[in-house]
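The values are calculated or read from the model by the stated rules, or taken from the named source; none is laboratory data. Values in this document were obtained by computation on a predicted structure and should not be read as measured data. Ideal geometry is used to build each Cβ from the backbone, glycine not excepted, and the neighbour counts take in all protein chains shown.
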Amino acid sequence: MASLKELSKKPALFTGGHRACTGCSAPIVARMLFMAADTPLVVGSATGCLEVTTTLFPYTSWDTPFLHSAFENSAASISGVEAAYRSLKKQGKYDKDVRFVAFGGDGGTYDIGLQSLSGAMERGHRMLYICYNNEAYMNTGIQRSSATMFGADTTTTPVGREGRGKKQFEKDLTAILVAHGVPYVAQGSPSYWNDLITKMQKALNTDGPSFINVLAPCRLGWAFPPEDTIEMGRLAANTCAWPLYEVVDGQYKITYKPREKQPVSEYLKKQTKYRHMFRPGNEAMIEAYQAHVDEKWERLLKLAGEPVPDKA
């Protein structure tokens, strides 16, 4: 596991002064990445919240080589840099040990960047892809993505006389990456720093492609007080709405199990985008959400070889 004492000695390669929203979790994830790294990094990012708030020309928060790509091709861009690096090393023109990381939000990863990500993973580039998943296209107006959870009120799934939020459940992108045969795949949360940094260290040390899907609570789109960002991530894990686990060479391991699994309503009621679920007549929406979370958690327990609790 990561050592806080050793991490505190590392230089800050992701600096303050960026323009992310107060309480934004994406910069926290970026800082944790540099804490995890023991070698120089080359970082790329798709257009999105993290990129536009940290690279306002002529300023940057990245004290490392940084490549801004289009919305849909962060993985392709960094895979090309990684291929060039391997070529230079083979030719004897470069001898430093470097790791390559691509960032993308859920819109640029789950949706319009999925083809780029899939190709890079299938080709086997030694690179880490981190999805900072805030469950919508937050940078362009809070539109739904395929990572958006059931019932969420967004600008393209509005709640009103005819609508009650997003009709569909989220895509399981982590399972899709496992199906690619990627050596290291994980889900993490900045609310559990030791768990996430340890996973980043494992991913960076993987001799091949790796992927970490990080829940990134968004105080703007989720509409909660900025000081509650870390608490939101804890609620997601303790209700099992966002379970923390890793898959190493196809073997599942749950890295955090709540002592007592909380009802998902405790998580939902903290977010304004779900407030309509608690109005009279919408009880079935919370029940459907709970059933979905329970089913996914039980499936994960089975995949990890863990006992499944008897239903009361």
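Annotations
- Any hit, segment 186-200, residues being in contact with an Asp or Glu (Cβ under 8 Å, 6 or more places away or on another chain), more than 24 Å from G250 (Cα to Cα) and among the hydroxyl-bearing types (S, T, Y): yes
- When segment 292-312 is filtered for residues that are acidic (D, E) and in a loop (DSSP other than H, G, I, E, B), the ones remaining, listed by number, are E306, D310.
- Filter result (at pLDDT below 95 and part of a strand (DSSP E or B)) within segment 39-58: none
- Entry remark, segment 1-29: residues being among the aliphatic types (A, V, I, L, M), more than 19 Å from Y110 (Cα to Cα) and either touching a Leu at 6+ places or on another chain (Cβ under 7 Å) or surrounded by fewer than 12 Cβ atoms within 10 Å (Cβ to Cβ) (or both) number 3 in total.
- Selected residue (criterion: farthest from R126 (Cα to Cα)) from residues of segment 170-204 that are part of a loop (DSSP other than H, G, I, E, B), of a type outside the set (G, A, S) and within 17 Å of the chain's Cα centre (by Cα): E170
- Matching entry among N139, N133 (being within 13 Å of the chain's Cα centre (by Cα) and either among the acidic types (D, E) or under 30 Å from V81 (Cβ atoms) (or both)): N133
- Some residue of segment 242-254 being part of a loop (DSSP other than H, G, I, E, B) and surrounded by 21 or more Cβ atoms within 10 Å (Cβ to Cβ): yes
- Residue satisfying all of: in segment 276-291; free of Cβ contacts under 8 Å to residues at least 60 places away in the same chain and outside any loop (DSSP other than H, G, I, E, B); surrounded by the fewest Cβ atoms within 10 Å (Cβ to Cβ) among these: A284
- Lone unmet requirement of (1) in contact with a helix residue (DSSP H, G or I) (Cβ under 9 Å, 6 or more places away or on another chain); (2) part of a helix (DSSP H, G or I); (3) closer than 19 Å to V182 by Cβ for R86: (1)
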